[in-house]
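To keep things clear, I will list the structure first and then write my remarks on it.
The values are calculated or read from the model by the stated rules, or taken from the named source; none is laboratory data. Only a predicted model underlies this, so the values are computations on that prediction, with no experimental measurement involved. When we count neighbours, we look across all protein chains shown, and the Cβ atoms used for this are built from the backbone with ideal geometry, even at glycine. Only protein heavy atoms, including side chains, enter the accessible area calculation; ligands, DNA and RNA are left aside. Shrake-Rupley method; radii C 1.70, N 1.55, O 1.52, S 1.80 Å.
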Amino acid sequence: MMGIKDLVDLAIDEDPRSPCLWVPGEHWDDFCAALGRTPNLIGAVIYRDKTIRDGGPGTDVVTGSDQGGHRRR
């Protein structure tokens, strides 16, 4: 079974050009713990050169390119 860090890694690998990524709110604490980090002052964690944020409850792992249901190219 994949953990939240594995899912984030997969999303980054699938969309490497995206500058940011959102993690479901219910998994945010687990993601931060898996990295051994805490969010910075604006509530983000930098991981693999991406800005990772809490996406709120009931969301999916979403990259910036997938935000709004369309892909920027």
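Structure values in brief
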item: Heavy atoms of THR38: accessible area, 1.4 Å probe, square angstrom to 10; result: 110 Å²
item: Descending semi-axes in whole angstrom, ellipsoid equivalent of the chain, from the Cα gyration tensor; result: 18, 13, 12
item: Nearest 10 degrees, 0 to 90: helix 4-14 Cα axis against the chain principal axis; result: 20 degrees
item: Selection from VAL23, TYR47, LEU7 lying farthest towards where the dipole of the chain points positive, charges on Cβ; result: TYR47
item: DSSP beta bridge pairing in the chain, given as percent antiparallel to the nearest 5; result: 60 percent
